[in-house]
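These notes are about the structure you will find just below.
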Amino acid sequence: MKILYIAHKYEYNNPDRGFSFEHYNFYDSLLKMDKGIHQIIYFPFDEIMINMGRNEMNKKLIEAAYREKPNLCFFCLRRDEIKKETIREITNKSGAITFNWFNDDHWKFDNFSKYWAPCFNWIATTDYRAVKRYNKMGYKNVIKTQWACNHFFCQPLNLPKIYNISFIGQPHGNRKKIINNLKRIGIDVECWGWGWSKGKISQREMVKIFSQSKINLAFINSSSLNTLKSFAAIFLRRESDKTIKLNRPDCWLDNLKSVIKRRNAKQLKGRNFDVPGCRSFLLTDATDDLENYYQDGKEIVIYRDLKDLIKKIKYYLEHDKERENIAKAGYERTLREHTYEKRFQEIFNIIKK
């Protein structure tokens, strides 16, 4: 297929923070999947918007859709940078199938996804509960999918295990509290990412650390705002040009629902697939969808509370062979079922029916 790929190039629209999750995982996988037979045209809307502004970027996107005549426009939107009228024009007039991967329907359905979904021919969601919610509002072309591993990038490295326990990610929610509780009883955890003293690391360094760690921790709580910011988010929004605007009163209830769900949301993360994809051992907290993808105790290990986490850390640090067997089984399951190549193949097959 000829695919016009429309997504963030940079993390949080900021070139100083490096490439985005989507760039490393979606774009790279689309380029390389099926032995590279698809033609991928990159439309990094954040980069274009930085240089031209939102209105001009939207015009350029419409022009690209008519000029390139793609079979598929593959969107990955997190906010409202792309206007609804832009998507509708491409959907209704360009001849291309439009598709969007919605990232955070666990908490963004009420104030974002349900408004943007009808603009597309097809959408995907990682939240199985959202499928019924889309259907209830009359939208039927919903594909339940999930995060995965970019196996073209995340690969095993035969390196010595120089870290007992590692965590890579931001210290939001209760993550710092958990890490501090572990350190308080003598269990040291090496932490990387924005907000930790070691700071952010590159994707290549991340893959290296996975392979160098006996135990890789993952936390599935969503990023949440502090109380003041949560309250402000109900009434105010930050525009793409950094200005602050007042939300319309008819949006306040939906925003309140989103804030509440965000504070309580537990959802699978890309990390849950990246670590096994590097043939490394994953110890993660539980969510009700996780065991549909990996078998607890055989392909990954799930902890239920702090006491259980401490118990399992101590156990698996002392049982090298069992830990390595679990990592190997998780790796084999990932390659067999949980790569972005396989996810996208499944999505494309459904769309083309």
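Would you point out which residue out of N103, N121, N92, N111 is free of Cβ contacts under 8 Å to residues at least 24 places away in the same chain, out of contact with any Cys (no Cβ under 6 Å at 6 or more places or on another chain), at negative phi and not acidic (D, E)?
N92
Going through segment 29-39 one residue at a time, which ones are touching a residue at least 40 places away in the same chain (Cβ under 8 Å) and surrounded by 17 or more Cβ atoms within 10 Å (Cβ to Cβ)?
S29, L30, K32, M33
This table checks each residue for (1) closer than 28 Å to G199 by Cβ; (2) at pLDDT below 95; (3) among the aliphatic types (A, V, I, L, M).
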position: I3; (1), (2), (3): no, no, yes
position: H23; (1), (2), (3): yes, no, no
position: Y27; (1), (2), (3): yes, no, no
position: L31; (1), (2), (3): no, no, yes
position: F43; (1), (2), (3): no, no, no
position: I50; (1), (2), (3): yes, yes, yes
position: R54; (1), (2), (3): no, yes, no
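So if I check each of F26, F74, F43, which one is surrounded by 20 or more Cβ atoms within 10 Å (Cβ to Cβ), assigned to a helix (DSSP H, G or I) and not hydroxyl-bearing (S, T, Y)?
Criteria check complete, one pass: F26.
F210 - would you say it is part of a loop (DSSP other than H, G, I, E, B) and under 28 Å from H106 (Cα atoms)?
Against the criterion (part of a loop (DSSP other than H, G, I, E, B) and under 28 Å from H106 (Cα atoms)), F210 does not qualify.
Can you confirm whether I313 is within 17 Å of K144 (Cβ to Cβ) and either in the same structural domain as D28 (by TED's automatic domain parsing) or out of contact with any strand residue (DSSP E or B) (no Cβ under 6 Å at 6 or more places or on another chain) (or both)?
no
Cβ-Cβ under 8 Å, sequence separation 6+ or interchain: first residue in segment 40-58 and more than 18 Å from I3 (Cβ to Cβ), partner hydrophobic (A, V, I, L, M, F, W, C) and not in a helix (DSSP H, G or I). Which pairs?
N58/I82
Given the conditions (1) out of contact with any Leu (no Cβ under 9 Å at 6 or more places or on another chain); (2) over 25 Å from H319 (Cβ atoms); (3) at pLDDT 95 or above, report the number of the one that P171 does not fulfil.
(3)
Any chance you could count how many residues in segment 291-315 are assigned to a helix (DSSP H, G or I), crowded, with 19+ Cβ neighbours inside 10 Å and not β-branched (V, I, T)?
The qualifying residues number 1.
The values are calculated or read from the model by the stated rules, or taken from the named source; none is laboratory data. None of the values given here were measured: they were computed from a predicted structure. Quick reminder, even Gly has a Cβ in these numbers, built from the backbone with ideal geometry, and neighbours come from all protein chains shown.
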